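The values are calculated or read from the model by the stated rules, or taken from the named source; none is laboratory data. Just so it is clear, the model here is predicted, and its values are computed rather than measured. As a convention, Cβ positions derive from the backbone with ideal geometry for all residues, glycine included, and neighbour counts pool all protein chains shown.
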Amino acid sequence: MNDPIPPPEDPDAIRTDHRDLDELFGRFLQASAAGSLAGAIEAIATFDEALRFHTRMEESMFPERGGKLVAAEGESAADVLFRELRLEHVQIRELSAMIRRVLGESADLAGAGALAASLAKRWDAHTRREETEWLGGGAE
């Protein structure tokens with residue numbers, strides 16, 4: 001089944017949010033690289049809160065498919081895309097939360113940096129995917 005993938009009403013607003021989140025994450029990376037524990041904690045908290053707001057907002061625009069993150073037989077291209085985007089959101093939010101915990105509980109800038117590398121890769125791949133497969137409105 002190849003249902004068309006419905007684009008949101010204002011894809012440019014979502015792209016702008018993505019760039020704003022990129023900037024917030026960059027502030028965390030800068031503080032971390034400078035060895036500023038307090039700055040890194042503050043920056044990742046700001047990023048994490050903005051990320052959670054952003055992903056909730058996006059998911060409110062996704063077509064309702066039952067909310068399951070497990071593949072179902074007979075899924076359309078749209079079903080697959082939005083299920084996978086939801087799963088990516090969960091993974092990205094969990095990495096962000098892990099960074100907050102590592103910094104808050106053990107003040108481990110190096111450990112947070114290792115997690116940040118994974119978060120950066122996932123976030124970049126995720127936003128590229130959303131911006132081409134969903135915001136572009138094309139069908140898979």
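Against the definition (in a helix (DSSP H, G or I) and more than 25 Å from P7 (Cα to Cα)), how does L87 come out, yes or no?
Spelling it out, it is not the case that L87 is in a helix (DSSP H, G or I) and more than 25 Å from P7 (Cα to Cα).
Among the listed residues T55, T16, T46, identify the single one that is among the β-branched types (V, I, T) and under 12 Å from the mean Cα position of the chain (by Cα).
T55
For the subset of segment 75-118 comprising residues that are among the β-branched types (V, I, T) and buried (at least 16 other Cβ atoms within 10 Å of the Cβ), which member is farthest from A31 (Cα to Cα)?
In this case the residue turns out to be V80.
All but one of (1) under 25 Å from K121 (Cβ atoms); (2) part of a helix (DSSP H, G or I); (3) at pLDDT below 95 hold for D79; which doesn't?
(1) is the only condition that D79 fails.
Give the residue, chosen from A34, A43, that is modelled with pLDDT of 80 or more and closer than 18 Å to R100 by Cβ.
A43
Taking segment 42-90 only, how many residues are without any contact (Cβ under 8 Å) to a residue 12 or more places away in the chain and touching a helix residue (DSSP H, G or I) at 6+ places or on another chain (Cβ under 6 Å)?
0
Answer yes if at least one residue in segment 97-105 is within 18 Å of M57 (Cα to Cα) and part of a helix (DSSP H, G or I), and no otherwise.
no
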